[in-house]
1. Please specify each residue of the stretch 131-145 satisfying the condition of being touching a residue at least 40 places away in the same chain (Cβ under 8 Å) and either among the acidic types (Asp, Glu) or not in a loop (DSSP other than H, G, I, E, B) (or both).
2. Read through the list (1) crowded, with 24+ Cβ neighbours inside 10 Å; (2) touching a Ser or Thr at 6+ places or on another chain (Cβ under 7 Å); (3) hydrophobic (A, V, I, L, M, F, W, C), then give the number of the only condition that VAL41 fails.
3. Answer with yes or no whether GLU342 is within 27 Å of the chain's Cα centre (by Cα) and in the same structural domain as ARG608 (by the TED database).
4. Do the conditions hold for TYR220, that is, is it modelled with pLDDT of 95 or more, more than 30 Å from GLU606 (Cβ to Cβ) and in contact with a strand residue (DSSP E or B) (Cβ under 7 Å, 6 or more places away or on another chain)?
5. Select, from ILE300, ILE257, ILE250, the only residue that is β-branched (Val, Ile, Thr) and in a helix (DSSP H, G or I).
6. Just the residues that are in a loop (DSSP other than H, G, I, E, B), among the polar types (S, T, N, Q) and in contact (Cβ under 8 Å) with a residue 24 or more places away in the chain, please, taken from the stretch 303-350.
7. Considering each of LYS155, LYS165, LYS186 in turn, give the residue that is open to solvent by 60 Å² or more (accessible area, probe 1.4 Å), outside any loop (DSSP other than H, G, I, E, B) and under 25 Å from SER230 (Cβ atoms).
8. Can you tell me which of SER241, SER256 is small (Gly, Ala, Ser) and either at pLDDT 95 or above or in contact with a Cys (Cβ under 7 Å, 6 or more places away or on another chain) (or both)?
Amino acid sequence: MSDIFKNLNPKQIEAVKIISGPVLVISGPGSGKTRCLTHRVAFLISENIKPANILAITFTNKAANEVKERVQALLSPSFSADSGRLSAWPTIGTFHSVCLRILRREISLLNYKPSFTIFDEYDRLALIKKVMARQKLDLKQYNPQMIVRKISKLKTELLYPENYKPNDFFSRLLARIYENYQTELKNANALDFDDLIALTVKIFKHNPQVLEKYQDIWKYILVDEYQDTSFDQYSLIKLLSQKYKNIFAIGDDAQSIYAFREADIRNILNFQKDYPEAKVIFLEQNYRSTKNILAVAQNIISNNQSQVPKTLWTENGRGERILVKEALNERDEADFITLKIEELMQKNHNIGDFAILYRTHAQSRAIEESFISCGLPYQIIGGIKFYERKEIKDILAYMRLAANPSDLVSFERIINIPTRGLGQTVLAKITNTHEKNLIKALDILAKENTKTKQGRALKEFYELLYDLINKKTDISVASFIKNIIKKTDYEEYLKGLSASKNDAYSNFEERMENLKELLTVAKKYDNVGSERGLDNFLEEITLLQGVDSLTLSANANKVGVPDKATLMSIHSSKGLEFPVVFIAGIEEGLFPHSRSTFNPQELEEERRLCYVAVTRAKEKLILSYARRRNIFGSTQRNLPSRFIGEMPQDTIEYAASGIDDDYEEKIYY
């Protein structure tokens, strides 16, 4: 018992010790949320609650494993599995893993076999296309990936084909596809990922005796990150907890940043309406950050209307003031970041102490280039290095092949991108010819197969490459990239990949932003002679990639020293902490994002995102914005972010900009 309460503060102990009834714990950043959750599981077991009656739900397998390990450490050795005192282990897992466990036992109630398979995203997309083809729908007019997303959203909202009420032409079309899709899934004895929760809820709603069985099994329910629950997850928990009402929900409404994944902040805001007798406990003591950093976070989030008010505090020192830097442009901003890192490394910091956060992945490009130029090693979390991203490598392969028709590596990469039915057999025939010019070899093979479908595909591919080769010196590098995207119908190809959650970059909008950022790089060569513009562009990209590999390789074997700075989007940073945090691009239109400008709910989510970013910092917080920014293929002039104005000004120090207003900015471009 003493070990369970060890290292807990009074509020955490209060939350841990409540055994019966609904409990909502509002856990601020750095307040020991996971510690509170795991100690509560251990306390329940120590109070002779049967472990089998405990259900703890997390959002990731990693979090579930961490909870298991911590609980086991707290209970050992007196409650170890070998001691015989634990007849079973609590159920600790994700929403989907728990529902899968239920469905394996109960899905026969919906006329499925317990041996059902689970379709991944590729399977789901293929089946949607098959259903649409049978209905003779134009896949260009009605994008299959968009249909997949719409059906996924309906399932999250627990709208099944039988209770979905379409009210316009498109929704009636969607309803027909949805119904046929579900029929095909059932005929295959298969579920998709969304079905795991949706069908579990369906079974519970239509079979009260089954629901009661699981209510009696899991009398004590704990839910981590409650602010991130979607409607189907919320409904599942409400059904399971309605008999005994022993629900322990822990989270922070101010860190609800996943609306794009259907997370509904109302679930945590309305907890007391669902459970009027709920005990609400605030974990407001922060163990991570300085007083100045917390003051900034507190002031920013206080501007949101939809929130559970709380006051963060810490016993840590005041700390340094938050440094705010105005840069001339994105390259000036990136150079400031790397120079500041080098300066701090001369004092008492290692390279691994630094995190650079940004609102959109495309911002990483300028920062990466500055890191590479300075020889500073870095890692990308939650994304891929800019020049290693699939969409960038695909377009670069087309450009390299146009510049060098004998480039076999580039040819192999793009022969079937976008998909044109040219596989390994065709590739072998082309590469086995005596022609050094792959384009000429392609033409020869196309002429030998004029009457076949494959021959027509070869001819179209040849004509595409021939056209690109002829245009490479006639237009600017940026225009050449646009021409590749248009001629290959690459945007539609990206849409075809965007439904895959297993793909490294599943978000179509992010992929397109990255391609627009490639245009930003290319525009530097618009004034270079057309004969050398493309070659110079490709040479710089190759050198950047080569230096990057050498830098990472040279630092890979250092022992005992964190050897990389971390670059990541703010969304990817949730749950992490770093001694020094940079937030780049804190300007209107970028952060907050332009699409939130006229939408109060989205603007509040952007503010919560800023709150998350600020509270990742332990010791130092450094913000930067650019007076002028080349991004997404265009030049933007944005005002400093409103979030800077919402910070207490006595906590801020403005760095000298070093910008001469009379100086021609063209030197940077």
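The values are calculated or read from the model by the stated rules, or taken from the named source; none is laboratory data. Computed from a predicted structure; not experimentally measured. Glycine gets a Cβ as well: all are built from the backbone with ideal geometry, and neighbour counts include every protein chain shown. These area figures cover heavy atoms from the full protein model, side chains too; ligands, DNA and RNA do not enter into them. Shrake-Rupley method; radii C 1.70, N 1.55, O 1.52, S 1.80 Å.
1. VAL131, MET132, ARG134, PRO144, GLN145
2. Of (1) crowded, with 24+ Cβ neighbours inside 10 Å; (2) touching a Ser or Thr at 6+ places or on another chain (Cβ under 7 Å); (3) hydrophobic (A, V, I, L, M, F, W, C), only one is false for VAL41: (2).
3. So GLU342 fails the test.
4. Against the criterion (modelled with pLDDT of 95 or more, more than 30 Å from GLU606 (Cβ to Cβ) and in contact with a strand residue (DSSP E or B) (Cβ under 7 Å, 6 or more places away or on another chain)), TYR220 qualifies.
5. Result of the check over ILE300, ILE257, ILE250: ILE300.
6. ASN303, ASN304, GLN305, SER306, GLN307, THR311, THR314, ASN316, ASN329, ASN350 - these are the residues of the stretch 303-350 that are in a loop (DSSP other than H, G, I, E, B), among the polar types (S, T, N, Q) and in contact (Cβ under 8 Å) with a residue 24 or more places away in the chain.
7. LYS186
8. So the residue among SER241, SER256 that is small (Gly, Ala, Ser) and either at pLDDT 95 or above or in contact with a Cys (Cβ under 7 Å, 6 or more places away or on another chain) (or both) is SER241.
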